[in-house]
1. Taking ALA95 as the residue in question, decide whether it is in a helix (DSSP H, G or I), touching an Asp or Glu at 6+ places or on another chain (Cβ under 8 Å) and surrounded by 15 or more Cβ atoms within 10 Å (Cβ to Cβ).
2. Pick from the range 61-85 the residues that are of a type in the set (Lys, Arg) and touching a Gly at 6+ places or on another chain (Cβ under 9 Å): which of them is farthest from GLN33 (Cα to Cα)?
3. Filter the range 17-68 down to the residues that are closer than 16 Å to SER86 by Cβ and either at pLDDT below 95 or not in a helix (DSSP H, G or I) (or both) and list them by number.
4. Considering only the range 69-92, how many residues are touching a residue at least 12 places away in the same chain (Cβ under 8 Å) and not in a helix (DSSP H, G or I)?
Amino acid sequence: MKKQILVAAFAAIAAQGAAAADPAAGAKIADAQCAACHGKDGKTPTDPSYPKIAGQYPDYLLKSLNDYHTGGRKNAIMGAIAKPLSKADMQNLAAYFGSLPGPLTHRK
């Protein structure tokens, strides 16, 4: 029973974060902070070693940004970019890039 309550609590917290995110605000930050490396569309990076982030799961993007922000994930460039971001900024960026069409397609 405790496990079910814990799972429900985590789901509620995650849903609040997703509902509070503003992709339009994320687009403004992305244009100023992310486009130079990841491309304006999030899938045409300026260097092949930079990831394509358009269409990624928002929760994955949010965790990655948070990890860069806290130093849990190490990269000098991303650490410097993520450090000043607020929680809302990170949620908005994750919502924005998650809403974009990704580079992968399904073929029949």
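The values are calculated or read from the model by the stated rules, or taken from the named source; none is laboratory data. What you see is a predicted model, and the numbers here were worked out from it, not measured in a lab. Note: ideal-geometry Cβ built from the backbone for every residue, glycine included; neighbour counts use all protein chains shown.
1. yes
2. ARG73
3. The answer is GLY17, ALA20, ALA21, ASP22.
4. Here the count works out to 2.
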